[in-house]
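Undergrad: One structure follows; several queries about it will come next.
Each value in this text was obtained by applying a stated rule to the coordinates, not by laboratory testing. On a predicted model such as this, the values are computed, not experimentally measured, just so you know. Here the Cβ positions follow ideal geometry from the backbone for every residue, glycine too, while neighbour counts run over all protein chains shown.
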Amino acid sequence: MQLLKPDPTFYASPKDAIKAPPETVAYVALLSATANGVPDRLAVVDTDSTSQRYAQTIGSVALPKIGDEVHHFGWNACSAALCPFSPHPHVERRYLIVPGLRSSRIHIIDTKPDPSQPRIVRVIEPEELIKRTGYTRPHTVHCGPDAIYISALGNADGDGPGGIFMMDCDTFDIIGPWEKDRGSQYLAYDFWWHLNRDVMITSEWGTPKMIEDGLNPEMLLAGKYGHHLHFWDLKSRRQKQSIDLGAEQQMVLELRPSHDPNNEWGFAGVVVSLKDLSSSIWLWHRENGEWTATKVIEIPAEPADPEHLPDLLKGFAAVPPLLSDIDLSVDDRYLYASCWGTGEMRQYDVSDPFNPKLIGSVRIGGIVKRTPHPAKPAEPLAGGPQMVEISRDGRRVYFTNSLYRAWDDQFYPDGVGNWMVKLNVGDDGKIAFDEKFFVEFDPAYRVHQVRLQGGDASSDSYCFS
Amino acid sequence: MSDRLGWLTLFLLGCYHGLNPGMGWLFAVGLGFQDRSRMAVLRAIVPLALGHLVSVALIVLVAIYAAAALPHRAVHFAAAGILIGFGIYRLVRARHIRWVGMRVGFWGLTLWGFLMSSAHGAGLMLLPFVVAGRTNAASGMAMPMPGFQAAHRALYTGWLMVGVHTLGYVLTATAIALFVYSKIGVRFLRTGWVNLDLVWAAALILTGLIALVT
């Protein structure tokens, strides 16, 4: 259906997008708590603070099969539709593209006419994905100027190379692999871009074989997980440059470029350093035409009694922060960092991206601390801050607590829990838990990515500043 | 249709295309913002207009040769059919050109303008003029004479039609691009960008229908 006016959730610039109205619902990926349990679900949580059912699940849709392991997902269309070189703003932001990270099955879910009652309208089976792209384990979904782009961790055998494939944004047919020349790139994970510069950036986790049976300590200690950032020409689809952050920097995950299209910098999170179990955040930026990456944040491990640590960590007598997700507010002012291991959500002021200042922190869960939520101060919580999403106006920060089933079980062997919480951000930028927002889902599920109605801080790209 | 009204209509059709953000001026504004330069806005209009001109000219040329070679009734109905068919296609299938890349040079921008105009069916609206011109001997667009001279004359008129149309496009696109770049910015687009492609598709169908019955 073509609209007569642009979709009201599209904004030409980040400056306009921060004036967007508050979201009234959030879409949340619920994955089965056990490998062969119930079918995964996409749940709808009421985020309207004036609603009777605030912070409750008001609807959900079950996926048709079991074993998908829903993880990340994204919209069919977003503000990039207003980009001047690929203008098509009369499409609707309506469908969620929901891949199963383990099954490689991709679900197209319609969020209209009733946003609280999503419906599955199409399922793309793994065989189809393999036939058209050679890829499996679809991960990040971004609505691009000319198609929907989706990253994938590996091939049909569970090896590399991982990469990116494209999906037709009108028909949802899989078009094919994106790369024309991947150069040295082998591992894949996240990607995003500087649209006005024709630059794509990709990061590295591991091949399916390296992650699906749990974190492999030998491979980790040998520095085999990803430690590169790759820079590509978006037009010619060729790798232009690769930056090695050093083999001790294991797992370069989330990529958060500046939302302002005139900037050429962004943040990349690294899960763990082999040197001291710290996590770090790197700033990529361009200098004299070449890309460089600078470590701008280091989050240290915290000493811990081995008795309170899972087998994997006993020998270290420390709990690593395990930085698993980062998110940059639409105004490029605040960077949130999820320390899934230590159970801390950090807030940095990145007005000067080269010199981030730690200005806020809340504790919840954690491998050792098990900090409760203020709504239930007597209930110790497992899991830690993980997938984090910021509202477009930057006033509300939501996060959930599961990382990836096989890895949850290693770091939280007695169960990772299944909660979603929210921080309010004050006029002065100060963060605090919303005591009325503590969602505990059905224990048959774990909780992964959150997407906010109408877009959020990691869903849209802009071509005007 | 009187002569003067015909030319004016051609000119206004060009203005309509110039008005559409998806047909070029927005790209020019984007490039201007990126280079922080008014000159960049103006520089972009030239290849965009060239692309538009080529797209429209191709249709007009094909139509002229078809009109010269084929029976009038056939051309008349074919033109009406194409207008209606393409209009319906644009109504039901809102496919957009797949294009990625903001960093484009002169020829890249020309190609972009050509593709956008062609996908829009920009030149199709000129079909009725070419076809009508063939029978309307009184018109300045007339192509009544048989043989070489007639074809020559028709070509001349055809190019003039393309030129007048493109002039409308250039003047409108330049004016809007400069106004948006210097004065108002792009914020109004999210509410003010009426789906001109949809209106255009409806207009194509309507014109085709009128051509059928007249």
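Undergrad: Count charges around A:E92 for me, please; just the other residues with Cβ under 13 Å from its Cβ, Lys/Arg as +1, Asp/Glu as -1.
TA: +1
Undergrad: Given only helices, namely DSSP H runs of n ≥ 4 each adding -39500 (n - 2.57), what is the per-residue ellipticity at 222 nm of the protein assembly as shown, to the nearest 500 deg cm²/dmol?
TA: -9000 deg cm²/dmol
Undergrad: I've got another one for you. Measure off 7 Å from each Cα along the Cα-to-Cβ vector at B:L5 and A:Q52, then give the distance between these two points in nanometres to one decimal.
TA: The answer from the label model is 6.3 nm.
Undergrad: Another one. Size of the dipole of the protein assembly as shown about the Cα centre, Lys and Arg at +1 and Asp and Glu at -1 on the beta carbon, nothing else charged, in debye to 20?
TA: 2840 debye
Undergrad: List the aspartates and glutamates whose Cα sits under 19 Å from the Cα of A:K19, skipping any in the same chain fewer than 8 residues away.
TA: A:D7, A:D48, A:D260, A:D327, A:D331, A:D332, A:E389, A:D393, A:D427, A:D428, A:D456, A:D460
Undergrad: So, one more: Let me spell out the model: positive unit charges on the Cβ of Lys and Arg, negative unit charges on the Cβ of Asp and Glu, origin at the Cα centre of chain B. What dipole size does that give, in debye rounded to 20?
TA: Approximately 480 debye in magnitude.
Undergrad: Additional query: Sketch the reach of a paramagnetic label on A:L3 as a point 7 Å from Cα along Cα-to-Cβ, and name the residues of region A:57-80 whose backbone nitrogen lies under 13 Å away.
TA: A:76-80
Undergrad: Run down the lysines and flag those whose C-alpha is under 29 Å from the C-alpha of A:K240, throwing out any fewer than 8 positions away in its chain.
TA: A:K131, A:K180, A:K209, A:K224, A:K295
Undergrad: Where does the protein assembly as shown land on Rg/Rh, using Cα atoms and the Kirkwood Rh?
TA: Computed over Cα atoms, the ratio is 1.05.
Undergrad: For chain B, evaluate the Debye formula with one uniform point scatterer on each Cα (no solvent term) and list log10 I(q)/I(0) at q = 0.09, 0.10, 0.13, 0.18 Å⁻¹, rounded to two decimals.
TA: So the normalised log intensities work out to -0.37, -0.45, -0.74, -1.25.
Undergrad: Give me the lysines in straight-line cross-link reach of A:K314: C-alpha distance below 16 Å, same-chain residues under 8 apart excluded.
TA: Once the sequence-local lysines are set aside, what remains near A:K314 is A:K369.
Undergrad: Which value in nm describes the separation of the simple spin-label points at A:K436 and B:L171, placed 7 Å from the Cα toward the beta carbon?
TA: So the label points at A:K436 and B:L171 sit 5.9 nm apart.
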